[in-house]
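In what follows, a structure is listed as structure tokens, so that the remarks can point back to it.
Here, each number is a calculation from the coordinates, and none is a lab measurement. Note that the coordinates shown come from a computational prediction; the quantities given were computed from them, not determined experimentally. A quick note on method: Cβ atoms are made from the backbone with ideal geometry, for glycine too, and the neighbour counts reach across all protein chains shown.
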Amino acid sequence: MKLEITREWFERRAKLEGDLEISAGRLARDPTPEQLNVEPAIDETADPMRMAFGSLVETMRRRRGLSIEKLAESTDLEVSDIMRIERDAHFRPEPRAVYRLAETFDLPGKVLQQLSGNTVARPGLHEQALRFAARSGEAPQKLSRDEQRVLEEFIAYLEKQQG
């Protein structure tokens, strides 16, 4: 007996899952608008969201007193990837990198995947991300009380979105 699983079977199973995320093995990226043959609905939000993601990574790194090199070492990522995440709003990190950062900083991975541009962001995240990015500026190595408060508010929001 030969077991044959068709594409139609997978599509029927995916419809049963509703809006739940489905993956096997490593995390998969959402299809691009070109792959779906639709107009990009979130294209203008991608860069500001990634700016917020980069600001979050940098702020969390500074909060823990880590250099870029130490963070790269502890997450098993390349230094250049950490630098691009923190400084390049056009850079989309691999899902593995986002997962490792979420694990290292004890942040909700699913929401960080959305913030990084790897999956579609839920309503409300864009506004909160922009607010966080605008309020977390470049500062000396140590976080100010205001930056610490802003960071804690944003983390609380992200954790609430995970549930």
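A few comments on the model shown:
- Projected label distance in nm at His90 and Glu4, using a 7 Å step from Cα toward the beta-carbon: 4.7
- Contact order for the range 41-162, expressed relative to its length and based on alpha carbon pairs under 8 Å spaced 6+ residues apart, stands at 32 percent.
- Extension gain for Glu127 to Glu78 (0.36 nm times residue separation, less C-alpha to C-alpha distance): 14.6 nm.
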